[in-house]
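The values are calculated or read from the model by the stated rules, or taken from the named source; none is laboratory data. Because the structure is a prediction, the values reported are computed rather than measured. Every residue, glycine among them, receives a Cβ derived from its backbone with ideal geometry; neighbour counts consider all protein chains shown.
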């Protein structure tokens with residue numbers, strides 16, 4: 001795993017900055033990044049726009065902080081759930097179960113990284129960069145688990161599993177059909193059993 005996939009250290013926020021981040025995180029996830037203005041965030045946080053800009057510098061930086069905070073909680077949850085499982089191929093399939101549980105708790109509107117990436121044009125945009133970094137990290141988790149389980153061709157297998165995972169994640173957010181993570185897990189098991 002390369003260092004550009006690692007999370008930024010969680011900064012310590014003042015109480016006012018934390019209120020801004022909490023309010024922004026709720027609004028960005030519920031309504032979308034472009035739909036939410038700094039006036040709405042400041043009002044929801046009970047601070048002035050000056051406080052918002054003093055603490056974060058820009059709306060873009062606030063969006064990145066929101067994405068990093070959500071990503072940090074997801075990583076902690078995922079790694080904690082994986083640590084409780086025995087080594088072996090079952091951990092690879094469990095990634096789908098863990099993600100389903102997270103989505104049930106925190107993902108009514110789909111993946112925050114995918115949603116944010118859909119709202120920016122350029123892959124060079126800091127928001128896009130953050131979303132892409134998060135997805136590359138998760139793909140590396142698939143490879144790590146495939147490699148640890150002794151599965152053949154862990155890199156290409158991780159790529160295929162990531163496609164199944166992302167499809168399940170988007171389908172869950174869209175509500176296209178029931179239990180997309182279960183369907184993806186079954187497909188993943190077929191791929192794993194071939195290796």
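Check off (1) under 27 Å from residue 155 (Cα atoms); (2) buried (at least 20 other Cβ atoms within 10 Å of the Cβ) for residue 21 and give me the number that stays unchecked.
Condition (1) is where residue 21 drops out.
Of everything in region 167-182 that's part of a helix (DSSP H, G or I) and at pLDDT below 90, which residue is surrounded by the fewest Cβ atoms within 10 Å (Cβ to Cβ)? Write out each step before concluding.
First, the residues of region 167-182 that are part of a helix (DSSP H, G or I): 167-174, 180-182.
Adding the requirement that they be at pLDDT below 90 leaves 172-174.
Values: 172: 23, 173: 17, 174: 10.
Applying the filter and picking the extreme gives 174.
Taking the options 63, 92, name whichever one is modelled with pLDDT of 95 or more and under 16 Å from the mean Cα position of the chain (by Cα). It would help to see each step written out before you state the result.
Details: 92 fails: under 16 Å from the mean Cα position of the chain (by Cα).
Exactly one of 63, 92 is modelled with pLDDT of 95 or more and under 16 Å from the mean Cα position of the chain (by Cα), namely 63.
Being part of a loop (DSSP other than H, G, I, E, B) and either farther than 24 Å from residue 138 by Cα or free of Cβ contacts under 8 Å to residues at least 40 places away in the same chain (or both): is that true of residue 13 here? So that I can check it myself, show each step before the final result.
Details: part of a loop (DSSP other than H, G, I, E, B): yes; either farther than 24 Å from residue 138 by Cα or free of Cβ contacts under 8 Å to residues at least 40 places away in the same chain (or both): yes.
So residue 13 passes the test.
So residue 68 fits all but one of (1) over 25 Å from residue 171 (Cβ atoms); (2) surrounded by fewer than 16 Cβ atoms within 10 Å (Cβ to Cβ); (3) in the same structural domain as residue 181 (by TED's automatic domain parsing); what number is the exception?
(2)
Report, by residue number, each residue of region 32-58 that is assigned to a helix (DSSP H, G or I) and buried (at least 19 other Cβ atoms within 10 Å of the Cβ).
Step one: of region 32-58, the residues assigned to a helix (DSSP H, G or I) are 38-45, 49-56.
Residues satisfying the conditions are 41, 42, 45, 52, 55, 56.
Could you please tell me which pairs satisfy a Cβ distance under 6 Å, a separation of 6+ or placement on different chains, a first residue in region 132-150 that is without any contact (Cβ under 8 Å) to a residue 24 or more places away in the chain, and a second residue that is surrounded by fewer than 19 Cβ atoms within 10 Å (Cβ to Cβ)?
Listed by first residue and then by second, the contacts come to 143/155.
Among the numbered criteria (1) farther than 18 Å from residue 77 by Cβ; (2) modelled with pLDDT of 95 or more; (3) surrounded by fewer than 19 Cβ atoms within 10 Å (Cβ to Cβ); (4) in contact with a helix residue (DSSP H, G or I) (Cβ under 8 Å, 6 or more places away or on another chain), which one does residue 97 miss?
The failed condition is (1).
Of 128, 103, which residue is farther than 25 Å from residue 193 by Cα, at pLDDT below 95, assigned to a helix (DSSP H, G or I) and in contact with a helix residue (DSSP H, G or I) (Cβ under 8 Å, 6 or more places away or on another chain)? Step through it out loud before you land on a result.
Details: 128 fails: at pLDDT below 95.
Being farther than 25 Å from residue 193 by Cα, at pLDDT below 95, assigned to a helix (DSSP H, G or I) and in contact with a helix residue (DSSP H, G or I) (Cβ under 8 Å, 6 or more places away or on another chain) holds for just one of 128, 103, which is 103.
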